[in-house]
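Student: I have a structure here, written as structure tokens, and I will follow up with some questions on it.
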Amino acid sequence: MGAWQRLLLCGGVSFRSGCGAFAPRGGSRVLVCRRQLSGGESETLKERRTQIMTRGLPKQKPIEGVKQVIVVASGKGGVGKSTTAVNLALALAANDSSKAIGLLDVDVYGPSIPKMMNLKGNPELSQSNLMRPLLNYGIACMSMGFLVEETAPVVWRGLMVMSAIEKLLRQVDWGQLDYLVVDMPPGTGDVQLSVSQNIPISGAVIVSTPQDIALMDAHKGAEMFRKVHVPVLGLVQNMSVFQCPKCKHKTHIFGADGARRLARTLDLDVLGKTIGYSFAEEMTERKMEMVMKNVSETDELLLALCFRVINRIP
């Protein structure tokens, strides 16, 4: 009858097949019959379990007009995830001007993309009643920050957040995009699951700083994407060194090779490291122009990150 493991209630004994042992259990007697599974049966059982686990999950549907989706995530907040997402989108655009790039901010509670991309205002609606992304530096952007006041907190329960995520995924007129970079919220919760289960994702980039406390959560973030069958493209180590803007001396104020150690544990590559001083001039007009024109060491690192991400997309 195929792979099985059956518990039979039977007059006061517990019998395990192959050992001939009887034992009382909980005042009643239980007969347990087992047989060792062959390799083929074990695989069949695993497939059956996977089918059961996926019942009721939403079927993935591509975002209309979008060819590749890259998510930028982290287990912990404050590690420069949004900065990395913005820089990756800019580097993709600078690498090939013929490519259309979009940037989606699904951090409902703490949207950062409007500030980083120097954008304000509400999105217009198309004739089909879809929101049109706001555009700056050649990047089409959509964020919850465009839909609420800048200082207004989003005090919502889970169902309302999921509804907002659904609108950001399905009710935006992106046109035709080669790459959509998705800035995920920190953690491994509802938003991450909803995005991963609703749309096909080409790959995830995990961002961390070198400290152990950040790497612990980055590890969890990478494992979460593996559980939902999203390819993890690799790790980015943010704030690897602090470089003095005057003397250019570099100091590893947060540690040196934390991401590299985690990458070895997860059998992944380190896609790139960033220099700390760039965060002090975070997303100013001058910084945007520098990234787009590739005129600094930091921007060369970002373009190298871009190449590695593109090359690892399945």
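Student: In the structure shown, do any of Lys61/Lys99; Lys120/Lys273; Lys220/Lys248; Lys61/Lys167; Lys120/Lys246; Lys76/Lys115 have a Cα-Cα gap over 25 Å, and if so which? Don't skip to the end; give the middle numbers.
Tutor: Values: Lys61/Lys99 22 Å; Lys120/Lys273 30 Å; Lys220/Lys248 35 Å; Lys61/Lys167 14 Å; Lys120/Lys246 34 Å; Lys76/Lys115 20 Å.
Over 25 Å apart, Cα to Cα: Lys120/Lys273; Lys220/Lys248; Lys120/Lys246.
Student: Just read off the accessible area of Ser163 with the full protein assembly in place, 1.4 Å probe, to the nearest 10 Å².
Tutor: 50 Å²
Student: Now a separate question. Scan around Ser240 for amide H atoms under 5 Å from its own, H built in the peptide plane at 1.01 Å from N, and keep only partners 5 or more places away or cross-chain.
Tutor: Thr274, Gly276
Student: Moving to a separate point now. Compute the accessible area per residue over segment 66-311, keeping the other protein chains in place, probe 1.4 Å, unit Å².
Tutor: Working: 11160 Å² over 246 residues.
Here the per-residue accessible area is 45 Å².
Student: Moving on to the next point. Treating only the Cβ of Lys, Arg, Asp and Glu as charged (+1, +1, -1, -1), what charge dipole size does segment 66-311 show about its Cα centre? Round to the nearest 20 debye. Don't skip to the end; give the middle numbers.
Tutor: On the way: 24 positive and 24 negative charges, 77 e Å.
Once rounded to the nearest 20, the dipole reads 360 debye.
Student: While we're looking at this one, here's another question. Which Rg and Dmax, in Å, describe the Cα atoms of segment 66-311?
Tutor: Radius of gyration, then largest Cα-Cα span, for segment 66-311: 17.2, 55 Å.
Student: Please report the carbon-and-sulfur percent of the accessible area for segment 66-311; probe 1.4 Å, protein heavy atoms only, DNA, RNA and ligands left out.
Tutor: Looking at segment 66-311 in its full context, I get 52 percent from C and S.
Student: Another question about this same structure. If you take the charge dipole of segment 66-311 about its Cα centre, with +1 on Lys and Arg Cβ and -1 on Asp and Glu Cβ, which of Asn118, Asn95, Met144 is farthest toward its positive end?
Tutor: About the Cα centre, the residue reaching furthest to the positive side is Asn95.
Student: If you don't mind, there's one more thing I want to ask. Provide the net charge surrounding Asn129, with neighbours chosen by a C-beta distance below 12 Å and charges set as Lys +1, Arg +1, Asp -1, Glu -1.
Tutor: Details: positive: Arg132, Lys167, Arg170; negative: Glu124, Asp173.
Summing Lys and Arg as +1 and Asp and Glu as -1 gives +1.
Student: Output the direction-averaged projected area (hull surface divided by four) of the convex hull of the alpha-carbon atoms of segment 88-132, in nm².
Tutor: Values: hull surface 17.5 nm².
Average of the hull's projected areas for segment 88-132 equals 4.4 nm².
Student: Please quote Rg/Rh for segment 129-270 to two decimal places, taking the Kirkwood radius as Rh and restricting both calculations to Cα atoms. All intermediate terms of the calculation are to be shown ahead of the outcome.
Tutor: Values: Rg = 17.9 Å, Rh = 17.6 Å.
Ratio of gyration radius to Kirkwood radius: 1.02.
The values are calculated or read from the model by the stated rules, or taken from the named source; none is laboratory data. As the structure is a prediction and not an experimental result, all values here were calculated from the model. Note that we place each Cβ from the backbone using ideal geometry, even for glycine, and neighbour counts take in every protein chain shown. We work out accessible area using only protein heavy atoms, side chains counted, and drop any ligands, DNA or RNA first. Shrake-Rupley method; radii C 1.70, N 1.55, O 1.52, S 1.80 Å.
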